[in-house]
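The values are calculated or read from the model by the stated rules, or taken from the named source; none is laboratory data. Worth saying up front: this structure is predicted, and the values here are computed from it rather than measured. Positions of Cβ are backbone-derived with ideal geometry, glycine not excepted, and every protein chain shown enters the neighbour counts. Quick note on the areas: whole protein, heavy atoms, side chains included, nothing else; ligands and nucleic acids left out. Shrake-Rupley method; radii C 1.70, N 1.55, O 1.52, S 1.80 Å.
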Amino acid sequence: MTNGQTDTEVRHIEQEAAPSRFARGWHCIGLEREFLDGKPHTVTGFGRKLVVWADSSGAIKVLDGYCRHMGGDLSQGTIKGDEVACPFHDWRWGGDGRCKQIPYSRRVPLRARTQAWPTLVQDGMVFVWNDPEGKAPIPEQAIPRVDGGPGTPGWTDWAWYQTRVDTNCREIIDNMVDMAHFFYVHHAFPTYFKNTFEGHTATQLQKGVNRDDMRPAEVAIGAPKRLGNTSVATYHGPSFMIDDLIYHYEHGDVRTVLINCHYPVDENSFVLQYGISVERPESPEDAAAAERLADKMVQTVRIGFEQDVDIWKNKTRIDNPLLCEEDGPVYQLRRWYEQFYVDVADIRPEMTDRFEFELDTTRPNEAWQREVDENVARRAAEAAEAATSDELVSQTQGA
Amino acid sequence: MTVRTDNRLGDAPMRPVACRSCGTTVLARKSSWAQTTVQWSAEAVAACTSWDPGCSIRGELPVCHPLRDSIARAVVDGDLPVIDDGR
Ligand code: FES
Ligand SMILES: [Fe+2]
(Lines give C-alpha, C1' and ligand atoms only; values in the text may rest on other atoms or scores of the structure.)
(Ligands and ions follow the chains in the order given, each with its own letter.)
Protein backbone atom coordinates (compact mmCIF):
# COMPACT_ATOMS: atom_id res chain seq x y z
CA MET A 1 0.00 0.00 0.00
CA THR A 2 1.65 3.17 -1.18
CA ASN A 3 0.35 6.48 0.02
CA GLY A 4 1.53 9.96 -0.72
CA GLN A 5 1.75 9.60 -4.49
CA THR A 6 3.21 12.68 -6.03
CA ASP A 7 2.02 12.35 -9.61
CA THR A 8 -0.71 14.71 -10.65
CA GLU A 9 -2.02 12.74 -13.60
CA VAL A 10 -5.72 11.99 -13.42
CA ARG A 11 -6.96 8.49 -14.08
CA HIS A 12 -9.75 8.31 -16.62
CA ILE A 13 -12.57 5.83 -16.77
CA GLU A 14 -12.44 3.87 -20.00
CA GLN A 15 -15.49 2.27 -21.51
CA GLU A 16 -16.22 0.67 -24.81
CA ALA A 17 -19.84 0.34 -25.83
CA ALA A 18 -21.45 -2.79 -24.41
CA PRO A 19 -21.09 -5.64 -26.91
CA SER A 20 -23.81 -5.74 -29.54
CA ARG A 21 -23.85 -9.53 -29.57
CA PHE A 22 -25.32 -11.62 -26.79
CA ALA A 23 -23.61 -14.38 -24.88
CA ARG A 24 -23.53 -17.90 -26.25
CA GLY A 25 -25.06 -20.40 -23.86
CA TRP A 26 -28.13 -21.58 -22.01
CA HIS A 27 -30.31 -18.88 -20.52
CA CYS A 28 -33.24 -19.52 -18.21
CA ILE A 29 -36.29 -17.57 -19.41
CA GLY A 30 -38.58 -18.50 -16.52
CA LEU A 31 -40.44 -21.30 -14.82
CA GLU A 32 -42.14 -23.98 -16.88
CA ARG A 33 -45.42 -23.47 -15.01
CA GLU A 34 -45.70 -19.92 -16.42
CA PHE A 35 -45.85 -21.22 -19.99
CA LEU A 36 -48.35 -24.07 -19.60
CA ASP A 37 -51.54 -22.00 -19.78
CA GLY A 38 -52.30 -22.75 -23.43
CA LYS A 39 -51.36 -19.28 -24.62
CA PRO A 40 -48.36 -17.92 -26.47
CA HIS A 41 -46.03 -15.76 -24.37
CA THR A 42 -43.79 -12.87 -25.29
CA VAL A 43 -40.20 -12.94 -24.13
CA THR A 44 -38.13 -9.92 -25.08
CA GLY A 45 -34.55 -11.09 -25.04
CA PHE A 46 -31.30 -11.08 -26.99
CA GLY A 47 -32.41 -7.89 -28.72
CA ARG A 48 -35.40 -9.74 -30.21
CA LYS A 49 -38.96 -10.67 -29.52
CA LEU A 50 -39.53 -14.37 -28.94
CA VAL A 51 -42.73 -16.37 -28.76
CA VAL A 52 -42.87 -19.17 -26.20
CA TRP A 53 -45.64 -21.74 -25.91
CA ALA A 54 -46.36 -25.32 -24.92
CA ASP A 55 -47.52 -27.76 -27.61
CA SER A 56 -50.28 -30.32 -27.02
CA SER A 57 -47.87 -32.63 -25.18
CA GLY A 58 -46.72 -29.78 -22.92
CA ALA A 59 -43.32 -29.45 -24.64
CA ILE A 60 -42.06 -25.87 -24.57
CA LYS A 61 -41.29 -24.30 -27.97
CA VAL A 62 -39.52 -21.05 -28.71
CA LEU A 63 -39.52 -19.21 -32.04
CA ASP A 64 -38.57 -15.78 -33.24
CA GLY A 65 -41.61 -13.65 -32.39
CA TYR A 66 -42.29 -12.18 -35.81
CA CYS A 67 -44.15 -14.05 -38.49
CA ARG A 68 -42.19 -14.46 -41.73
CA HIS A 69 -45.33 -13.81 -43.80
CA MET A 70 -46.06 -10.12 -43.12
CA GLY A 71 -44.38 -9.61 -39.78
CA GLY A 72 -47.27 -10.35 -37.43
CA ASP A 73 -46.52 -10.72 -33.73
CA LEU A 74 -46.87 -14.44 -33.04
CA SER A 75 -46.87 -13.91 -29.30
CA GLN A 76 -50.23 -12.11 -29.71
CA GLY A 77 -51.63 -15.11 -31.60
CA THR A 78 -53.20 -18.33 -30.38
CA ILE A 79 -52.19 -21.96 -29.96
CA LYS A 80 -53.89 -24.23 -32.47
CA GLY A 81 -53.00 -27.87 -31.90
CA ASP A 82 -49.23 -28.01 -31.62
CA GLU A 83 -48.67 -24.79 -33.53
CA VAL A 84 -48.75 -21.11 -32.88
CA ALA A 85 -51.18 -19.30 -35.18
CA CYS A 86 -50.38 -15.75 -36.27
CA PRO A 87 -53.01 -13.16 -35.33
CA PHE A 88 -52.63 -11.41 -38.70
CA HIS A 89 -53.44 -14.10 -41.32
CA ASP A 90 -53.48 -17.31 -39.26
CA TRP A 91 -50.33 -18.91 -40.63
CA ARG A 92 -49.43 -21.88 -38.44
CA TRP A 93 -45.87 -22.28 -37.19
CA GLY A 94 -44.48 -25.44 -35.61
CA GLY A 95 -41.94 -25.60 -32.83
CA ASP A 96 -39.32 -26.73 -35.36
CA GLY A 97 -39.62 -23.33 -37.04
CA ARG A 98 -41.49 -24.55 -40.14
CA CYS A 99 -44.75 -23.17 -41.41
CA LYS A 100 -47.12 -26.15 -41.26
CA GLN A 101 -50.20 -24.68 -42.79
CA ILE A 102 -51.74 -21.62 -44.38
CA PRO A 103 -55.48 -22.04 -43.90
CA TYR A 104 -56.41 -20.07 -47.05
CA SER A 105 -53.74 -21.59 -49.32
CA ARG A 106 -53.16 -25.09 -50.64
CA ARG A 107 -49.37 -24.78 -50.60
CA VAL A 108 -46.84 -23.42 -48.19
CA PRO A 109 -44.15 -21.48 -50.12
CA LEU A 110 -40.52 -22.54 -50.16
CA ARG A 111 -38.27 -21.59 -47.24
CA ALA A 112 -41.21 -20.92 -44.96
CA ARG A 113 -38.99 -21.41 -42.01
CA THR A 114 -38.27 -19.12 -39.08
CA GLN A 115 -35.72 -19.24 -36.30
CA ALA A 116 -36.38 -21.89 -33.67
CA TRP A 117 -34.45 -21.76 -30.42
CA PRO A 118 -33.15 -24.94 -28.81
CA THR A 119 -34.93 -25.37 -25.48
CA LEU A 120 -34.38 -27.35 -22.32
CA VAL A 121 -36.83 -27.90 -19.49
CA GLN A 122 -35.23 -29.05 -16.27
CA ASP A 123 -35.99 -28.72 -12.57
CA GLY A 124 -39.09 -26.71 -13.45
CA MET A 125 -37.17 -24.10 -15.43
CA VAL A 126 -37.18 -23.31 -19.16
CA PHE A 127 -33.88 -22.60 -20.90
CA VAL A 128 -33.07 -21.37 -24.40
CA TRP A 129 -29.73 -21.73 -26.09
CA ASN A 130 -28.45 -18.51 -27.59
CA ASP A 131 -25.70 -18.72 -30.16
CA PRO A 132 -24.80 -15.88 -32.51
CA GLU A 133 -23.10 -18.49 -34.71
CA GLY A 134 -26.37 -20.42 -34.94
CA LYS A 135 -24.84 -23.74 -33.88
CA ALA A 136 -26.35 -26.51 -31.78
CA PRO A 137 -25.93 -26.49 -27.98
CA ILE A 138 -22.49 -27.56 -26.76
CA PRO A 139 -23.04 -30.88 -24.92
CA GLU A 140 -20.39 -30.15 -22.25
CA GLN A 141 -22.24 -26.97 -21.35
CA ALA A 142 -25.50 -28.72 -20.48
CA ILE A 143 -27.05 -27.29 -17.32
CA PRO A 144 -26.59 -29.79 -14.48
CA ARG A 145 -29.53 -31.02 -12.45
CA VAL A 146 -30.07 -29.15 -9.23
CA ASP A 147 -29.03 -31.17 -6.20
CA GLY A 148 -32.11 -30.91 -4.01
CA GLY A 149 -34.75 -28.43 -5.14
CA PRO A 150 -38.38 -28.98 -6.16
CA GLY A 151 -37.53 -32.21 -8.02
CA THR A 152 -36.46 -33.82 -4.72
CA PRO A 153 -38.98 -35.04 -2.13
CA GLY A 154 -38.89 -32.91 1.00
CA TRP A 155 -38.00 -29.68 -0.78
CA THR A 156 -40.29 -26.72 -1.38
CA ASP A 157 -41.37 -25.51 -4.82
CA TRP A 158 -39.46 -22.55 -6.24
CA ALA A 159 -40.20 -19.25 -4.57
CA TRP A 160 -39.43 -17.17 -7.65
CA TYR A 161 -38.89 -13.52 -8.39
CA GLN A 162 -38.32 -11.66 -11.63
CA THR A 163 -37.36 -8.06 -12.33
CA ARG A 164 -35.94 -6.00 -15.14
CA VAL A 165 -32.69 -4.13 -14.55
CA ASP A 166 -31.67 -1.31 -16.86
CA THR A 167 -27.95 -1.88 -17.20
CA ASN A 168 -25.68 -4.19 -19.16
CA CYS A 169 -25.55 -7.65 -17.62
CA ARG A 170 -21.78 -7.53 -17.04
CA GLU A 171 -22.56 -5.73 -13.79
CA ILE A 172 -24.22 -8.77 -12.28
CA ILE A 173 -21.35 -11.00 -13.39
CA ASP A 174 -18.83 -8.68 -11.70
CA ASN A 175 -20.78 -9.17 -8.49
CA MET A 176 -19.40 -12.67 -8.22
CA VAL A 177 -15.86 -11.51 -7.39
CA ASP A 178 -16.56 -8.24 -5.65
CA MET A 179 -15.67 -9.16 -2.09
CA ALA A 180 -15.54 -5.64 -0.77
CA HIS A 181 -19.12 -4.89 -1.77
CA PHE A 182 -20.43 -7.71 0.39
CA PHE A 183 -19.28 -5.69 3.34
CA TYR A 184 -20.24 -2.22 2.20
CA VAL A 185 -23.42 -2.97 0.27
CA HIS A 186 -24.75 -6.10 1.95
CA HIS A 187 -23.22 -5.87 5.43
CA ALA A 188 -21.98 -9.43 5.16
CA PHE A 189 -18.64 -10.54 6.52
CA PRO A 190 -17.01 -13.32 4.57
CA THR A 191 -14.39 -15.07 6.67
CA TYR A 192 -13.52 -17.30 3.75
CA PHE A 193 -13.89 -16.49 0.08
CA LYS A 194 -12.78 -18.30 -3.03
CA ASN A 195 -13.32 -18.01 -6.76
CA THR A 196 -12.42 -20.75 -9.19
CA PHE A 197 -12.85 -20.23 -12.92
CA GLU A 198 -12.41 -23.15 -15.28
CA GLY A 199 -13.84 -23.98 -18.70
CA HIS A 200 -17.35 -22.56 -18.91
CA THR A 201 -17.88 -22.49 -15.12
CA ALA A 202 -17.08 -19.86 -12.52
CA THR A 203 -17.51 -20.67 -8.84
CA GLN A 204 -17.66 -18.61 -5.70
CA LEU A 205 -17.33 -20.21 -2.29
CA GLN A 206 -18.12 -18.08 0.66
CA LYS A 207 -18.33 -18.64 4.37
CA GLY A 208 -19.67 -15.80 6.37
CA VAL A 209 -20.92 -14.69 9.71
CA ASN A 210 -23.82 -12.30 10.10
CA ARG A 211 -24.35 -9.36 12.33
CA ASP A 212 -27.98 -8.66 13.09
CA ASP A 213 -27.27 -5.09 14.07
CA MET A 214 -26.17 -4.47 10.47
CA ARG A 215 -29.20 -6.14 8.88
CA PRO A 216 -32.17 -3.94 9.79
CA ALA A 217 -34.02 -4.75 6.54
CA GLU A 218 -33.98 -8.47 7.28
CA VAL A 219 -34.82 -7.98 10.90
CA ALA A 220 -37.76 -5.79 9.85
CA ILE A 221 -39.39 -8.60 7.84
CA GLY A 222 -38.92 -10.98 10.77
CA ALA A 223 -36.39 -13.29 9.09
CA PRO A 224 -35.07 -15.81 11.61
CA LYS A 225 -31.82 -15.03 13.42
CA ARG A 226 -28.97 -16.20 11.26
CA LEU A 227 -25.48 -16.95 12.52
CA GLY A 228 -23.81 -17.35 9.17
CA ASN A 229 -23.82 -19.25 5.93
CA THR A 230 -21.79 -21.41 3.61
CA SER A 231 -22.45 -20.78 -0.04
CA VAL A 232 -21.06 -22.54 -3.09
CA ALA A 233 -22.33 -20.75 -6.17
CA THR A 234 -21.43 -21.75 -9.72
CA TYR A 235 -22.22 -20.09 -13.02
CA HIS A 236 -22.79 -22.81 -15.59
CA GLY A 237 -22.15 -20.67 -18.64
CA PRO A 238 -22.76 -16.94 -18.94
CA SER A 239 -26.00 -16.51 -17.06
CA PHE A 240 -27.21 -19.38 -14.93
CA MET A 241 -25.98 -19.80 -11.38
CA ILE A 242 -26.81 -22.56 -8.92
CA ASP A 243 -25.99 -21.63 -5.36
CA ASP A 244 -25.92 -24.44 -2.81
CA LEU A 245 -26.51 -22.41 0.24
CA ILE A 246 -26.41 -23.71 3.79
CA TYR A 247 -27.78 -21.31 6.39
CA HIS A 248 -26.55 -21.74 9.92
CA TYR A 249 -29.28 -20.78 12.39
CA GLU A 250 -29.35 -20.95 16.13
CA HIS A 251 -31.53 -24.05 15.84
CA GLY A 252 -29.31 -25.79 13.26
CA ASP A 253 -28.49 -25.82 9.56
CA VAL A 254 -30.96 -25.37 6.73
CA ARG A 255 -30.05 -26.52 3.22
CA THR A 256 -31.33 -24.37 0.39
CA VAL A 257 -30.75 -23.94 -3.31
CA LEU A 258 -30.69 -20.47 -4.76
CA ILE A 259 -30.94 -19.93 -8.49
CA ASN A 260 -29.59 -16.62 -9.77
CA CYS A 261 -30.00 -16.16 -13.49
CA HIS A 262 -30.64 -13.55 -16.12
CA TYR A 263 -31.14 -13.08 -19.80
CA PRO A 264 -30.28 -9.95 -21.75
CA VAL A 265 -33.19 -7.88 -23.05
CA ASP A 266 -30.80 -5.78 -25.11
CA GLU A 267 -27.30 -4.34 -24.63
CA ASN A 268 -28.47 -2.06 -21.85
CA SER A 269 -30.93 -4.12 -19.86
CA PHE A 270 -31.52 -7.61 -18.61
CA VAL A 271 -34.17 -9.62 -16.80
CA LEU A 272 -32.92 -10.81 -13.45
CA GLN A 273 -34.56 -13.87 -11.96
CA TYR A 274 -33.94 -15.73 -8.78
CA GLY A 275 -35.59 -18.58 -7.00
CA ILE A 276 -35.17 -20.48 -3.79
CA SER A 277 -36.07 -23.97 -2.71
CA VAL A 278 -35.63 -25.06 0.89
CA GLU A 279 -35.24 -28.50 2.36
CA ARG A 280 -38.03 -29.06 4.87
CA PRO A 281 -36.83 -29.86 8.38
CA GLU A 282 -37.02 -33.55 9.41
CA SER A 283 -39.72 -33.10 12.03
CA PRO A 284 -41.95 -30.26 10.94
CA GLU A 285 -44.06 -28.91 13.76
CA ASP A 286 -45.72 -26.92 11.07
CA ALA A 287 -45.90 -28.21 7.50
CA ALA A 288 -46.05 -24.69 6.04
CA ALA A 289 -42.98 -23.49 7.95
CA ALA A 290 -40.54 -24.41 5.16
CA GLU A 291 -42.61 -22.57 2.54
CA ARG A 292 -42.73 -19.53 4.76
CA LEU A 293 -39.00 -19.78 5.27
CA ALA A 294 -38.49 -20.00 1.49
CA ASP A 295 -40.62 -16.90 1.02
CA LYS A 296 -38.70 -15.05 3.71
CA MET A 297 -35.44 -16.06 2.09
CA VAL A 298 -36.53 -14.85 -1.32
CA GLN A 299 -37.35 -11.54 0.32
CA THR A 300 -33.90 -11.54 1.90
CA VAL A 301 -32.30 -12.21 -1.48
CA ARG A 302 -34.50 -9.54 -3.01
CA ILE A 303 -33.26 -7.03 -0.46
CA GLY A 304 -29.70 -8.00 -1.41
CA PHE A 305 -30.31 -7.55 -5.13
CA GLU A 306 -32.19 -4.29 -4.58
CA GLN A 307 -29.11 -2.99 -2.83
CA ASP A 308 -27.07 -3.97 -5.92
CA VAL A 309 -29.64 -2.52 -8.32
CA ASP A 310 -29.54 0.82 -6.51
CA ILE A 311 -25.80 0.92 -7.12
CA TRP A 312 -26.08 -0.22 -10.76
CA LYS A 313 -28.75 2.38 -11.60
CA ASN A 314 -26.36 5.19 -10.85
CA LYS A 315 -22.91 3.81 -11.60
CA THR A 316 -21.07 3.96 -14.92
CA ARG A 317 -19.66 1.17 -17.00
CA ILE A 318 -15.94 0.87 -16.37
CA ASP A 319 -13.53 -1.25 -18.39
CA ASN A 320 -10.46 -0.26 -16.37
CA PRO A 321 -11.41 -0.55 -12.71
CA LEU A 322 -8.64 0.65 -10.44
CA LEU A 323 -8.22 -2.21 -8.02
CA CYS A 324 -6.42 -2.42 -4.71
CA GLU A 325 -4.86 -5.57 -3.30
CA GLU A 326 -7.95 -6.29 -1.20
CA ASP A 327 -10.24 -6.44 -4.23
CA GLY A 328 -11.28 -9.63 -5.98
CA PRO A 329 -10.27 -10.90 -9.44
CA VAL A 330 -12.46 -8.61 -11.55
CA TYR A 331 -10.21 -8.66 -14.63
CA GLN A 332 -9.76 -12.41 -14.52
CA LEU A 333 -13.51 -12.93 -14.26
CA ARG A 334 -14.12 -10.68 -17.25
CA ARG A 335 -11.49 -12.63 -19.18
CA TRP A 336 -13.47 -15.80 -18.37
CA TYR A 337 -16.76 -14.09 -19.33
CA GLU A 338 -15.37 -12.98 -22.69
CA GLN A 339 -15.36 -16.58 -23.96
CA PHE A 340 -19.15 -16.34 -24.38
CA TYR A 341 -18.89 -13.26 -26.61
CA VAL A 342 -16.45 -14.60 -29.19
CA ASP A 343 -16.87 -17.33 -31.78
CA VAL A 344 -15.95 -20.76 -30.44
CA ALA A 345 -12.93 -20.79 -32.78
CA ASP A 346 -11.65 -17.58 -31.15
CA ILE A 347 -11.73 -18.78 -27.54
CA ARG A 348 -8.21 -18.43 -26.11
CA PRO A 349 -6.78 -20.73 -23.41
CA GLU A 350 -6.49 -17.86 -20.93
CA MET A 351 -10.29 -17.49 -21.01
CA THR A 352 -10.86 -21.07 -19.89
CA ASP A 353 -7.70 -22.12 -18.02
CA ARG A 354 -8.21 -22.85 -14.35
CA PHE A 355 -7.81 -19.81 -12.11
CA GLU A 356 -8.11 -19.68 -8.32
CA PHE A 357 -8.46 -16.73 -5.99
CA GLU A 358 -8.68 -17.41 -2.27
CA LEU A 359 -9.06 -15.26 0.80
CA ASP A 360 -8.87 -17.04 4.10
CA THR A 361 -9.09 -14.68 7.03
CA THR A 362 -9.12 -17.57 9.49
CA ARG A 363 -5.45 -18.38 8.96
CA PRO A 364 -3.35 -17.74 12.05
CA ASN A 365 -1.35 -15.02 10.36
CA GLU A 366 0.88 -13.98 13.22
CA ALA A 367 2.10 -17.52 13.87
CA TRP A 368 2.75 -18.01 10.20
CA GLN A 369 4.52 -14.70 9.91
CA ARG A 370 6.79 -15.69 12.79
CA GLU A 371 7.67 -18.94 11.02
CA VAL A 372 8.54 -17.04 7.84
CA ASP A 373 10.72 -14.60 9.76
CA GLU A 374 12.55 -17.48 11.41
CA ASN A 375 13.10 -19.20 8.08
CA VAL A 376 14.32 -16.09 6.37
CA ALA A 377 16.69 -15.41 9.28
CA ARG A 378 17.93 -19.00 9.18
CA ARG A 379 18.53 -18.80 5.44
CA ALA A 380 20.36 -15.51 5.85
CA ALA A 381 22.52 -17.05 8.60
CA GLU A 382 23.24 -20.07 6.41
CA ALA A 383 24.18 -17.85 3.51
CA ALA A 384 26.44 -15.78 5.74
CA GLU A 385 28.02 -18.94 7.11
CA ALA A 386 28.56 -20.28 3.59
CA ALA A 387 30.13 -16.98 2.57
CA THR A 388 32.44 -17.07 5.62
CA SER A 389 33.57 -20.61 4.89
CA ASP A 390 34.09 -19.71 1.22
CA GLU A 391 36.22 -16.86 2.45
CA LEU A 392 38.14 -19.20 4.75
CA VAL A 393 38.66 -21.62 1.87
CA SER A 394 39.95 -18.90 -0.40
CA GLN A 395 42.16 -17.52 2.36
CA THR A 396 43.57 -21.00 3.00
CA GLN A 397 44.13 -21.50 -0.71
CA GLY A 398 45.73 -18.11 -0.96
CA ALA A 399 48.09 -18.83 1.86
CA MET B 1 -14.86 -6.17 -25.43
CA THR B 2 -11.16 -6.65 -25.03
CA VAL B 3 -10.34 -7.27 -21.41
CA ARG B 4 -7.61 -5.05 -20.06
CA THR B 5 -4.73 -6.04 -17.81
CA ASP B 6 -5.17 -6.13 -14.05
CA ASN B 7 -3.56 -2.93 -12.76
CA ARG B 8 -2.19 -4.81 -9.74
CA LEU B 9 -0.01 -7.12 -11.82
CA GLY B 10 2.18 -4.30 -13.15
CA ASP B 11 4.17 -3.85 -9.94
CA ALA B 12 3.90 -7.37 -8.63
CA PRO B 13 3.41 -10.05 -11.29
CA MET B 14 2.56 -13.66 -10.65
CA ARG B 15 5.52 -15.94 -9.93
CA PRO B 16 6.15 -19.57 -10.81
CA VAL B 17 5.79 -22.08 -7.99
CA ALA B 18 6.45 -25.79 -8.44
CA CYS B 19 4.24 -28.37 -6.77
CA ARG B 20 6.29 -30.52 -4.43
CA SER B 21 3.97 -33.44 -5.05
CA CYS B 22 3.55 -33.70 -8.83
CA GLY B 23 6.32 -31.35 -9.93
CA THR B 24 4.21 -29.20 -12.23
CA THR B 25 4.53 -25.42 -12.18
CA VAL B 26 1.78 -22.86 -11.77
CA LEU B 27 1.83 -19.08 -11.40
CA ALA B 28 1.05 -17.81 -7.94
CA ARG B 29 0.68 -14.52 -6.16
CA LYS B 30 -0.08 -13.53 -2.61
CA SER B 31 -1.38 -10.03 -1.97
CA SER B 32 -1.54 -10.70 1.78
CA TRP B 33 -1.10 -13.55 4.21
CA ALA B 34 -4.71 -14.48 3.75
CA GLN B 35 -4.94 -14.07 -0.02
CA THR B 36 -3.67 -16.49 -2.67
CA THR B 37 -4.06 -16.41 -6.45
CA VAL B 38 -3.19 -19.38 -8.66
CA GLN B 39 -3.13 -19.41 -12.45
CA TRP B 40 -3.01 -22.88 -13.96
CA SER B 41 -2.12 -23.84 -17.50
CA ALA B 42 -3.60 -26.80 -19.36
CA GLU B 43 -0.29 -28.66 -18.84
CA ALA B 44 -0.38 -28.04 -15.10
CA VAL B 45 -3.98 -29.23 -14.89
CA ALA B 46 -3.02 -32.39 -16.79
CA ALA B 47 -0.01 -33.03 -14.55
CA CYS B 48 -1.79 -32.49 -11.23
CA THR B 49 -2.59 -35.76 -9.48
CA SER B 50 -4.35 -34.35 -6.42
CA TRP B 51 -7.07 -32.01 -7.68
CA ASP B 52 -10.12 -32.47 -5.52
CA PRO B 53 -13.25 -31.03 -7.16
CA GLY B 54 -14.93 -30.70 -3.76
CA CYS B 55 -18.64 -31.04 -3.11
CA SER B 56 -20.89 -28.02 -3.28
CA ILE B 57 -23.68 -29.51 -1.19
CA ARG B 58 -21.25 -30.08 1.67
CA GLY B 59 -19.71 -26.65 1.21
CA GLU B 60 -16.37 -28.09 0.13
CA LEU B 61 -13.82 -26.47 -2.10
CA PRO B 62 -12.21 -27.54 -5.27
CA VAL B 63 -8.52 -27.49 -4.39
CA CYS B 64 -5.16 -29.24 -4.74
CA HIS B 65 -3.88 -29.53 -1.18
CA PRO B 66 -0.26 -30.45 -2.06
CA LEU B 67 -0.06 -27.39 -4.30
CA ARG B 68 -1.56 -25.20 -1.60
CA ASP B 69 1.07 -26.52 0.82
CA SER B 70 3.81 -25.93 -1.76
CA ILE B 71 2.74 -22.30 -2.10
CA ALA B 72 2.76 -21.85 1.67
CA ARG B 73 6.20 -23.41 1.75
CA ALA B 74 7.43 -21.07 -0.99
CA VAL B 75 6.32 -18.15 1.19
CA VAL B 76 7.91 -19.62 4.30
CA ASP B 77 11.15 -20.18 2.41
CA GLY B 78 11.12 -16.62 1.14
CA ASP B 79 10.67 -17.62 -2.51
CA LEU B 80 7.22 -16.09 -2.92
CA PRO B 81 6.75 -12.58 -1.61
CA VAL B 82 3.65 -11.45 0.25
CA ILE B 83 2.82 -8.06 -1.21
CA ASP B 84 1.15 -6.57 1.85
CA ASP B 85 2.39 -8.58 4.78
CA GLY B 86 0.71 -6.28 7.26
CA ARG B 87 3.92 -4.75 8.56
S1 FES C 1 -48.17 -11.91 -40.90
FE2 FES C 1 -48.42 -13.79 -39.92
S3 FES C 1 -49.96 -14.76 -41.05
FE4 FES C 1 -49.59 -12.95 -42.10
FE1 LIG D 1 -24.24 -7.75 -4.42
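A Förster radius of 60 Å combined with the Cβ-Cβ distance from residue A:80 to residue B:73 puts the calculated FRET efficiency at roughly 0.30. The accessible-area loss of region B:60-87 on complex formation, taken against its chain alone with a 1.4 Å probe, reaches 40 Å² or more at B:61, B:62, B:68, B:76, B:77, B:84, B:87.
In loop segments of region A:48-109 as defined by DSSP, the trypsin sites (Lys or Arg not before Pro) with at most 11 further C-beta atoms inside 10 Å of their C-beta are A:106, A:107.
For the segment A:371-378, counting C-beta atoms of other chains within 10 Å of every residue's C-beta and taking the mean gives 3. Within the shell defined by Cβ-Cβ distances under 13 Å, the residues around residue A:145 carry a net charge of -3, with Lys and Arg each +1 and Asp and Glu each -1.
State the answer as a single residue: which of A:227, A:182, A:165 lies farthest towards the positive end of the charge dipole of chain A, with beta carbon charges of +1 for Lys and Arg and -1 for Asp and Glu, about the Cα centre. Of the options given, the answer is A:165. At R0 = 51 Å, how high is the FRET efficiency between residue A:371 and residue A:225 if r is their beta carbon distance? Nearest 0.05 is fine. E(calc), rounded to 0.05, equals 0.85. Does anyone have the angle between helix B:65-76 and the longest principal axis of chain B? Alpha-carbon axes, 0 to 90°, nearest 10? That helix lies at roughly 30 degrees to the long axis.
Charge dipole (Cα centre; +1 on Lys/Arg Cβ, -1 on Asp/Glu Cβ; no other charges) of the protein assembly as shown amounts to roughly 2080 debye. Full extension of the chain between residue A:250 and residue A:348 gives 30.5 nm of extra length, using 0.36 nm per residue less the Cα-Cα distance. Who wins for biggest fluctuation among A:23, A:384, A:294 in a Gaussian network model of chain A, springs between alpha carbons below 10 Å? Result: A:384 has the largest fluctuation of those listed. Its Cα gyration tensor gives the protein assembly as shown an equivalent ellipsoid; the semi-axes, largest first and in whole Å, are 50, 27, 21. Sparsely packed loop sites in region A:312-371 (the trypsin sites (Lys or Arg not before Pro) outside DSSP H, G, I, E and B with at most 13 other Cβ atoms within 10 Å) comprise A:315.
For the peptide B:3-13, the mean number of other protein chain Cβ atoms found within 10 angstrom of a residue's Cβ is 5. A prolate overall shape is assigned to region A:159-360, the ratio a/c of its alpha-carbon gyration tensor axes (a ≥ b ≥ c) being 1.5 or greater and a/b exceeding b/c. Shape summary: chain B maps onto an equivalent ellipsoid whose semi-axes, from the alpha-carbon gyration tensor, are 22, 17, 15 Å in decreasing order. Using Cα pairs closer than 8 Å and at least 6 residues apart in sequence, work out the relative contact order for chain A, in percent. About 17 percent, as a whole number. In this structure chain A gives 49 Å² per residue of accessible area when probed at 1.4 Å with all protein chains present. Give the residues of region B:21-41 whose amide nitrogen is closer than 13 Å to a point set 7 Å from the Cα of residue A:361 in the direction of its Cβ. Only B:34-35 pass the distance filter.
Once a ≥ b ≥ c are taken as the square roots of the eigenvalues of the Cα gyration tensor of region A:25-141, is the result rounded (a/c under 1.5), prolate (a/b larger than b/c) or oblate (a/b not larger than b/c)? Prolate, because a/c is 1.5 or more and a/b exceeds b/c. Could you tell me which GluC sites (Glu not before Pro) in region A:285-377 are loop residues by DSSP with no more than 16 other beta carbons within 10 angstrom of their beta carbon? Sites meeting the loop and neighbour criteria: A:285, A:325, A:326. Unpaired cysteine residues in chain A (no second Cys Cβ under 4.7 Å): A:99, A:169, A:324. Partner shielding of A:342-350 amounts to 1, given as the average count of beta-carbon atoms from other chains within 10 Å of each residue beta-carbon.
Computed from Cα positions, the angle between helix A:365-398 and the longest principal axis of chain A comes to roughly 50 degrees.
Compared with the dominant principal axis of the Cα atoms in chain A, helix A:289-314 is inclined by about 80°.
What is the interface area between chains A and B, defined as buried accessible area summed over both chains with a 1.4 Å probe, reported in Å² to the nearest 100? Walk me through the numbers on the way to the answer.
Details: alone 21570 and 6300 Å², together 23510 Å².
For A against B, buried area totals roughly 4400 Å².
The modelled label-to-label distance for the pair residue A:161/residue B:14, using points 7 Å beyond Cα in the direction of Cβ, is 3.6 nm. For the protein assembly as shown, carbon and sulfur atoms together expose 51% of the accessible surface, with a 1.4 angstrom probe and every protein chain in place.
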